[in-house]
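Peer 1: Have a look at this one before I ask anything.
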Amino acid sequence: DPSLHEMMKIDPKYRSIGILGARTGAGPHIMAADEAVKATNTEIVAIELARDTKGGAGHGSLIIFGAEEVSDARRAVEVALKELNRTFGDVYGNDAGHIELQYTARASYAINKAFNAPLGKAFGLIVGAPAAIGVLMSDVAVKTANVELIGYSSPAQGTSFSNEVIIMISGDSGAVRQSVLAAKEAGRKLLEAMGGPAPSSTTPYI
Amino acid sequence: DPSLHEMMKIDPKYRSIGILGARTGAGPHIMAADEAVKATNTEIVAIELARDTKGGAGHGSLIIFGAEEVSDARRAVEVALKELNRTFGDVYGNDAGHIELQYTARASYAINKAFNAPLGKAFGLIVGAPAAIGVLMSDVAVKTANVELIGYSSPAQGTSFSNEVIIMISGDSGAVRQSVLAAKEAGRKLLEAMGGPAPSSTTPYI
Amino acid sequence: DPSLHEMMKIDPKYRSIGILGARTGAGPHIMAADEAVKATNTEIVAIELARDTKGGAGHGSLIIFGAEEVSDARRAVEVALKELNRTFGDVYGNDAGHIELQYTARASYAINKAFNAPLGKAFGLIVGAPAAIGVLMSDVAVKTANVELIGYSSPAQGTSFSNEVIIMISGDSGAVRQSVLAAKEAGRKLLEAMGGPAPSSTTPYI
């Protein structure tokens, strides 16, 4: 419908859209969508982050793929759903909060749209909630290796008022991975000191 | 108190205010307030939507009626409270999220203030949470009948970062009602596929 | 790290930072931080309020102290943590919502930064959630004694879309305390009528 397209600010050239969204796990959904745009003939039309997570401290997501063919839109959603099990792997939570780590050797259009990350370069995402944990993780991450800090989000800027501090880093793939892993160690230790065991949501992948 | 009136941006001509609010059900409260302004000598002074719902994906509400007489303000609140049982009728929820439908043959001042809907015309509200459900419901609604799309809200625009997509429609009363019912069918089917039975909060009224 | 300092907008003169934060109790944390800046050689660098409280209607907090010496930053956090038991004393909650009262005879830099309150004067904070309770408490507070209303926050202005109405008052210490206590009486009565017993989180201190 053209009036809905216009309200949603979707370019009319996309005759089909694929929709991905959930109440929890904005980061895992964006990373999964990034693999989907690499693998299909689609573009990322919108990424919006609700203040959600079912009473948790983070974001839910709404991600819209645009495609000229309905089969491409459907395929993008299928690819993304398959990736989710992996991308939830480095989300660790307990009653005190959660931490999340993401890493890819090559960022594509979803990561670029959501986090303003350079295309084709290694990318790391470091999230700590409550926000105080994220500050500590960020400090560890940038001190561990020579990475470029491309973004910093906190409750009052860059988030939807979530209780998170989030940094995005880019650079050499080895350095980015090393920074992410060091932040994970530090964040998980603190989170577990505050709230007991904080297991992976699925299986760690980084 | 004049300083409080000023901070709250309430016109001093209102010597009395009636206050309606809750942690859940912003839509049902606005619809109930709309009946209250039709039935009493009051005006809608403010409608504010918190990101709330007790860990759910939607909004809580704060609605303020202004009146010159205290009896009018009290009456407005009484009328609104009585309407709530009805206006929660087409709110359906489960662990995955919720959908909400509202319909009136004649929109009054609360609906006009909250949703910018034309006064005196039929009005429909279509809500899906998480937001992805709302996108699908919106698409069904605008394709079902010839209605005017008067608003579109999503996590990043028009909501308080809730995990909802919301559309507001206006037009011929039969067409509006038909669109709302079609969106309800589609939304409830999807919500139940995601999270099991999603019963009405009270008794469906549309 | 200088790039992180810059992203966080922290003056490079602070070689050490102290971090305080939690998922619940923004008010108690700010009041505790206020005692910490009085007692140590630190400054308040940032106070950010997430929309959090573990599914509740209020805010979580991120508070950053800046110091030239690491021992000062650590001491500020220690002092604040010790104060928290007291500052949670006039937080009362049940399933319907919560109310919060804070009072100090002399506001310092944390209260000044968070609430724009005059330094060195008596300060009172009055919070009701859902927001409708806060409107009533505010009305009682400003009618009880001759206090200056220095701020009013509601779901759509001044909060992070929390379901609260919050007022900040200043003035003569006896008047401020009297206003706060009257608002507490009225708010607790209403909250308990809505949701049953609403006990103090620790021990009332005002």
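The values are calculated or read from the model by the stated rules, or taken from the named source; none is laboratory data. Quick caveat: nothing in here was measured; it's all calculated off a predicted structure. As a convention, Cβ positions derive from the backbone with ideal geometry for all residues, glycine included, and neighbour counts pool all protein chains shown.
The rows are residues; the columns are (1) without any contact (Cβ under 8 Å) to a residue 24 or more places away in the chain; (2) facing chain C (nearest Cβ under 8 Å); (3) not polar (S, T, N, Q).
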position: A:V142; (1), (2), (3): no, yes, yes
position: A:L149; (1), (2), (3): yes, yes, yes
position: A:F161; (1), (2), (3): no, yes, yes
position: A:M168; (1), (2), (3): no, no, yes
position: A:D172; (1), (2), (3): no, no, yes
position: A:R177; (1), (2), (3): no, no, yes
position: A:K184; (1), (2), (3): no, no, yes
position: A:A193; (1), (2), (3): yes, no, yes
position: A:P197; (1), (2), (3): no, no, yes
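Peer 1: Which residues, counting only those in region C:126-139, are more than 10 Å from chain B (Cβ to nearest Cβ) and either surrounded by fewer than 24 Cβ atoms within 10 Å (Cβ to Cβ) or over 15 Å from the mean Cα position of the chain (by Cα) (or both)?
Peer 2: Correct list: C:M137 only.
Peer 1: Could you please give the count of residues in region A:41-54 that are modelled with pLDDT under 95 and in contact with an Asp or Glu (Cβ under 9 Å, 6 or more places away or on another chain)?
Peer 2: 1
Peer 1: Sticking with this structure for a sec: Just one of (1) of a type in the set (K, R); (2) under 20 Å from B:S154 (Cα atoms); (3) more than 15 Å from the chain's Cα centre (by Cα) trips up A:R51, so point out which.
Peer 2: (3)
Peer 1: Looking at this structure, is A:A26 closer than 21 Å to A:A131 by Cβ, of a type in the set (A, V, I, L, M, F, W, C), surrounded by 23 or more Cβ atoms within 10 Å (Cβ to Cβ) and more than 14 Å from the chain's Cα centre (by Cα)?
Peer 2: Values: closer than 21 Å to A:A131 by Cβ: yes; of a type in the set (A, V, I, L, M, F, W, C): yes; surrounded by 23 or more Cβ atoms within 10 Å (Cβ to Cβ): yes; more than 14 Å from the chain's Cα centre (by Cα): no.
Considered against the rule, which asks whether it is closer than 21 Å to A:A131 by Cβ, of a type in the set (A, V, I, L, M, F, W, C), surrounded by 23 or more Cβ atoms within 10 Å (Cβ to Cβ) and more than 14 Å from the chain's Cα centre (by Cα), A:A26 comes out as no.
Peer 1: Go through the residues of region B:69-76 one by one and say whether even a single one is crowded, with 22+ Cβ neighbours inside 10 Å, more than 14 Å from every other protein chain (Cβ to nearest Cβ), in contact with a Ser or Thr (Cβ under 7 Å, 6 or more places away or on another chain) and at pLDDT 95 or above.
Peer 2: Looking only at region B:69-76, we keep the residues that are crowded, with 22+ Cβ neighbours inside 10 Å, and these are B:73, B:76.
Now drop any that are not more than 14 Å from every other protein chain (Cβ to nearest Cβ), which leaves none.
No, that holds for no residue.
Peer 1: I'm trying to understand the selection: among the residues of region C:34-47, which are in contact with a helix residue (DSSP H, G or I) (Cβ under 7 Å, 6 or more places away or on another chain) and within 12 Å of chain A (Cβ to nearest Cβ)?
Peer 2: Initially, region C:34-47 is screened for residues in contact with a helix residue (DSSP H, G or I) (Cβ under 7 Å, 6 or more places away or on another chain), giving C:34-37, C:39-44, C:47.
Result: C:I47, single match.
Peer 1: Please verify whether B:K113 is modelled with pLDDT of 95 or more, touching a Leu at 6+ places or on another chain (Cβ under 7 Å) and either surrounded by fewer than 23 Cβ atoms within 10 Å (Cβ to Cβ) or part of a helix (DSSP H, G or I) (or both), treating the condition exactly as stated. I'd like the intermediate steps shown before the answer.
Peer 2: On the way: modelled with pLDDT of 95 or more: yes; touching a Leu at 6+ places or on another chain (Cβ under 7 Å): no; either surrounded by fewer than 23 Cβ atoms within 10 Å (Cβ to Cβ) or part of a helix (DSSP H, G or I) (or both): yes.
When the stated conditions are applied, B:K113 does not pass them.
Peer 1: Out of all the residues in region A:183-199, which are assigned to a helix (DSSP H, G or I) and touching a Leu at 6+ places or on another chain (Cβ under 9 Å)? Quick ask: steps written out before the conclusion?
Peer 2: First, the residues of region A:183-199 that are assigned to a helix (DSSP H, G or I): A:183-195.
The answer is A:A183, A:K184, A:A186, A:G187, A:L190.
Peer 1: Out of region B:78-109, which residues are surrounded by fewer than 21 Cβ atoms within 10 Å (Cβ to Cβ) and either within 17 Å of B:R23 (Cβ to Cβ) or aromatic (F, W, Y) (or both)?
Peer 2: Matches in region B:78-109: B:L81, B:L84, B:Y109.
Peer 1: Mind checking which residues of region C:140-167 are part of a strand (DSSP E or B), of a type outside the set (S, T, Y) and surrounded by fewer than 24 Cβ atoms within 10 Å (Cβ to Cβ)?
Peer 2: Restricting attention to region C:140-167, the residues satisfying the condition of being part of a strand (DSSP E or B) are C:148-154, C:157-158, C:165-167.
The next check asks that each one be of a type outside the set (S, T, Y); those that pass are C:148-151, C:157-158, C:165-167.
Of everything in region C:140-167, those that are part of a strand (DSSP E or B), of a type outside the set (S, T, Y) and surrounded by fewer than 24 Cβ atoms within 10 Å (Cβ to Cβ) turn out to be C:E148, C:L149, C:I150, C:G151, C:Q157, C:G158.
Peer 1: Also, quick follow-up: Just to be sure I understand, how many residues within region A:171-203 are within 15 Å of the chain's Cα centre (by Cα) and either surrounded by fewer than 22 Cβ atoms within 10 Å (Cβ to Cβ) or closer than 30 Å to B:S160 by Cα (or both)?
Peer 2: Number satisfying all stated conditions: 1.
Peer 1: State yes or no: is A:E83 modelled with pLDDT of 95 or more, within 23 Å of B:A156 (Cα to Cα) and more than 14 Å from every other protein chain (Cβ to nearest Cβ)?
Peer 2: no
Peer 1: Next question, about the same structure. Given the criterion without any contact (Cβ under 8 Å) to a residue 40 or more places away in the chain and in contact with a His (Cβ under 8 Å, 6 or more places away or on another chain), identify the matching residue among C:A26, C:A46.
Peer 2: Details: C:A46 fails: in contact with a His (Cβ under 8 Å, 6 or more places away or on another chain).
Criteria check complete, one pass: C:A26.
Peer 1: Looking at the structure I just gave you, is C:S170 in a strand (DSSP E or B) and more than 16 Å from B:M8 (Cβ to Cβ)? Before you say what the answer is, go through the steps one by one.
Peer 2: On the way: in a strand (DSSP E or B): yes; more than 16 Å from B:M8 (Cβ to Cβ): yes.
Here the answer is yes, as C:S170 does meet what is asked.
Peer 1: Also: Evaluate the following for B:V180: is it touching an Asp or Glu at 6+ places or on another chain (Cβ under 6 Å), under 20 Å from B:M31 (Cβ atoms) and not in a loop (DSSP other than H, G, I, E, B)? Before you say what the answer is, go through the steps one by one.
Peer 2: On the way: touching an Asp or Glu at 6+ places or on another chain (Cβ under 6 Å): no; under 20 Å from B:M31 (Cβ atoms): yes; not in a loop (DSSP other than H, G, I, E, B): yes.
No.
Peer 1: Could you list all residues from region C:29-40 that are farther than 15 Å from A:A131 by Cβ and either modelled with pLDDT under 95 or crowded, with 24+ Cβ neighbours inside 10 Å (or both)? Working first, answer last.
Peer 2: Pass one, region C:29-40, residues farther than 15 Å from A:A131 by Cβ: C:31-32, C:34-40.
Once the filter is applied, which keeps residues that are farther than 15 Å from A:A131 by Cβ and either modelled with pLDDT under 95 or crowded, with 24+ Cβ neighbours inside 10 Å (or both), region C:29-40 yields C:M31, C:A32, C:D34, C:A36.
Peer 1: So if I check each of B:G21, B:G60, B:G89, which one is within 11 Å of another protein chain (Cβ to nearest Cβ), in contact (Cβ under 8 Å) with a residue 40 or more places away in the chain and touching a Ser or Thr at 6+ places or on another chain (Cβ under 8 Å)? If you could, list the steps in order and put the result at the bottom.
Peer 2: Values: B:G60 fails: in contact (Cβ under 8 Å) with a residue 40 or more places away in the chain; B:G89 fails: within 11 Å of another protein chain (Cβ to nearest Cβ).
Sole residue among the options that is within 11 Å of another protein chain (Cβ to nearest Cβ), in contact (Cβ under 8 Å) with a residue 40 or more places away in the chain and touching a Ser or Thr at 6+ places or on another chain (Cβ under 8 Å): B:G21.
Peer 1: Please enumerate the residues belonging to region C:48-59 that are buried (at least 19 other Cβ atoms within 10 Å of the Cβ) and out of contact with any helix residue (DSSP H, G or I) (no Cβ under 6 Å at 6 or more places or on another chain).
Peer 2: Residues of region C:48-59 that are buried (at least 19 other Cβ atoms within 10 Å of the Cβ), as a first pass: C:48-53, C:56-59.
Within region C:48-59, C:E48, C:A50, C:R51, C:D52, C:T53, C:G56, C:A57, C:G58 qualify.
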